[in-house]
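I have placed the structure first, in the form of structure tokens, so that the comments after it can refer back to it.
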Amino acid sequence: MTSKPKILVCDDEEGIRESLKLILGDFYEIILTNEGQQCLDCLKNAKDISVVLLDIKMPKVNGLDVLSQIKQNFPERKVIIVTGYKSVETAQEATRLGASGYIVKPFKSDEILETVQRNLK
Ligand SMILES: [Mg+2]
């Protein structure tokens, strides 16, 4: 039996975490975190996480700061931004910091599945 690829989700809203788990859970192993430091700790401990789905607006550490720390410390991990904050500037900043994708909430299941799949290749 082959193990499922691991996806790390970081979002402060439980509803978003649960819906991402529902959408992706059949195909991937989902690890849920609710703030930036927890997300970084997870990456430190689980070397085999392929993709991170990362929120931007979170109470403790801003997602863009988390993104830049991920790219500094774990440059090979793909990061997809999933945000309710639709702004061209933020999307550009996320791309500049190394994000592989930018999805705006409310998202469709297909959109999430396709983007994750594309980033696993
Ligand atoms: Mg949020």
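The table for this structure:
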item	result
Qualifying residue in the stretch 62-73 (condition: among the small types (Gly, Ala, Ser) and either farther than 18 Å from residue 103 by Cβ or in contact with a Phe, Trp or Tyr (Cβ under 8 Å, 6 or more places away or on another chain) (or both))	yes
Exclusive hit being touching a Phe, Trp or Tyr at 6+ places or on another chain (Cβ under 8 Å) and in contact (Cβ under 8 Å) with a residue 24 or more places away in the chain, set 94, 46, 99	94
Enumeration of residues in the stretch 19-61 that are among the polar types (S, T, N, Q), in contact with a Cys (Cβ under 8 Å, 6 or more places away or on another chain) and either away from the ligand (no atom under 13 Å from the Cβ) or on the phi > 0 side of the Ramachandran plot (or both)	38
Those residues of the stretch 70-113 which are within 16 Å of the ligand (Cβ to nearest atom), part of a loop (DSSP other than H, G, I, E, B) and over 14 Å from the mean Cα position of the chain (by Cα), in sequence order	85, 86, 87, 106
Among the candidates 66, 116, residue that is away from the ligand (no atom under 15 Å from the Cβ) and open to solvent by less than 50 Å² (accessible area, probe 1.4 Å)	116
The listed residue being under 24 Å from residue 15 (Cα atoms) and at pLDDT 95 or above, out of 87, 68, 109	109
Neighbours by Cβ (under 7 Å, 6+ apart or cross-chain): first from the stretch 1-16, farther than 14 Å from residue 105 by Cα and open to solvent by less than 100 Å² (accessible area, probe 1.4 Å); second in a loop (DSSP other than H, G, I, E, B) and more than 16 Å from the ligand (Cβ to nearest atom)	4/27; 4/28; 5/28; 6/28; 6/46; 6/48; 7/28
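The values are calculated or read from the model by the stated rules, or taken from the named source; none is laboratory data. The structure presented is a predicted model; accordingly, all values stated were derived computationally and were not measured. Here the Cβ is made from the backbone with ideal geometry for all residues, glycine too, and neighbour counts use every protein chain on show. Ligands, DNA and RNA are excluded from the accessible area calculation, which covers all protein heavy atoms including side chains. Shrake-Rupley method; radii C 1.70, N 1.55, O 1.52, S 1.80 Å.
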